[in-house]
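For reference, the structure discussed in these notes is given below.
Throughout, read-outs are computed from the coordinates displayed, never taken from laboratory work. Source: prediction; values computed, not measured. With ideal geometry, Cβ positions are generated from the backbone for all residues, glycine too; neighbour counts draw on all protein chains shown.
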Ligand code: FAD
C-alpha cells in the first residue's frame, strides 16, 4: 500500500505528491488528465516569479518536477469510489483498487459551460471564465459578464475597474447576487445590467466581436459589440465520486480544516475541489503542500 495516495494531477495534486515524497513517504498519484485545468489555459501571468507562461508548458513543468521524485504516477485513471477500511481504499474506473494509509483528494473543478454557439470556438479567443486571470487582457475594451449570481457580479465589479464597459446578462428577471454587491455594481458608471435575457450566440471571426441575446419578455433578438465574454454561471467541483463518504457543502466542495483534513480520518483534500474560496494555481499549489504536511502529521501520530 501507499503511505500517501493523491487522487488528481493538477497543481494541487502535483504539489501534494512532491511534498509527500520529500518526506520519504511511499507516494502515488492517480489522475485522469495530468495537468488539470492548466492544460486548458493559454497565457498565465499571475504565477508569481514566472512573468509569463502558457498552460501546456506549466503542465509539462509540473510533470517534470513530479518525475524528480520516486512517485508512482498513474495517468488516465479516474477514481470512482473511496472507502475507509483499515486502510483507505480508492476504487478506479478500471476496477483496480488502490490502498493507502492516507489519501489526498485534489480532483479540481470545471467551469459550467453555457453551451451556446461560439463558446467553445472562441475559448481563449475572447471567451473567458476567470476575471482574476484574464481581466487585464481586456483593458480598455467592452466586455460582457454572463451570470448575475455572486461570482458574476463580483467579476463585473472587478472588470469595471479595468475594462471600458461591462454588460451583465442575467437569465432571470432579477439578479441573484447579494444586495451589497448589487448596490456596489449599480454605483459604477460603466456597467449596464440586462435582466431576463438569454444569450443566444457568441459571435466573432477569428476572435470574439459580440454577443446575441434574446429579450425574454418580448422575444426580440439584440446584438452587442464586445471584445470579451466572461461566463460565470458556476464552478462544479469534481467530487460526485465521493457520494456518501467525504463531507461536502451545498456546492459539492469538500469541507476541509486548516490542515486540509476532511471528516474522514486520513483523508485530506486540496485545491479547487475544496471549500477554498479562491480558485487559482498558486493557491491550489499552496493547499496541496498544506494537505501533504497535514497528512504527514497524521501519519506520524497514527
Ligand atoms: P485541476 O487543475 O482541476 O486538476 C484536477 C485534476 O484531477 C486533474 O488531473 C483531473 O484530470 C483530475 N481528476 C478529476 N476527477 C478525477 C477523478 N475522479 N479521478 C482521478 N482524477 C480526477 N489560475 C491562475 O492562477 N491563473 C490563470 O491564469 C488561470 N487561468 C485559467 C484559465 C482557464 C481556462 C481555467 C479553466 C482555469 C484557470 N485558472 C487560472 C484556474 C486554475 O487552473 C485552477 O485554479 C487550478 O488548476 C486548480 O488546480 P487543482 O489541482 O485544484 O485542480
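Observations, loosely collected:
- FRET efficiency, 1/(1 + (r/R0)^6) with R0 45 Å, evaluated for residue 51 and residue 236 via beta carbons: 0.90
- When you restrict to C-alpha pairs under 8 Å that are six or more residues apart and normalise by the size of the stretch 60-193, the relative contact order lands at 14 percent.
- Ranked by the mean number of other Cβ atoms within 10 Å of their residues, highest first, the peptides 30-36, 275-281 fall in the order 30-36, 275-281.
- Computed [θ] at 222 nm, deg cm²/dmol, the chain (DSSP H ≥ 4; -39,500 (n - 2.57); rounded to nearest 500): -7000 deg cm²/dmol
- Relative contact order (%) - the chain, alpha-carbon pairs under 8 angstrom, separation at least six: 21
- The stretch 1-61 shape via C-alpha gyration tensor axes, a/c threshold 1.5: oblate
- The Cα atoms of the stretch 127-231 give a gyration tensor whose axes a ≥ b ≥ c have a/c of 1.5 or more with a/b no greater than b/c, which makes the shape oblate.
- Mean separation of Cα contacts under 8 Å (6+ apart) over length of the stretch 1-139, as relative contact order %: 29
- Packing-based order for 17-27, 91-101, using average beta carbon neighbours within 10 Å, highest first: 17-27, 91-101
- Gyration tensor verdict on the chain (Cα atoms; rounded if a/c is under 1.5, prolate if a/b is larger than b/c, oblate otherwise): prolate
- Between the stretch 85-139 and the stretch 1-18, the Cα center-to-center distance that results, in Å: 15
- Separation between Cα centres of the stretch 169-189 and the stretch 205-281, rounded to whole Å: 19
- Protection proxy ranking, peptides 206-217, 170-181, 284-295, average beta carbon neighbours within 10 Å, highest first: 284-295, 206-217, 170-181
- R0 of 30 Å, Cβ-Cβ distance residue 72-residue 113: FRET efficiency to nearest 0.05: 0.35
- Alpha carbon Rg of the stretch 225-295, scaled by the compact-globule rule 2.2 N^0.38 Å: 1.27
- Calculated FRET efficiency for the pair residue 83/residue 259, C-beta based, R₀ 25 Å, to 0.05: 0.65
- Backbone N atoms of the stretch 23-49 closer than 19 Å to the 7 Å Cα→Cβ label point of residue 94 belong to residues 27-36.
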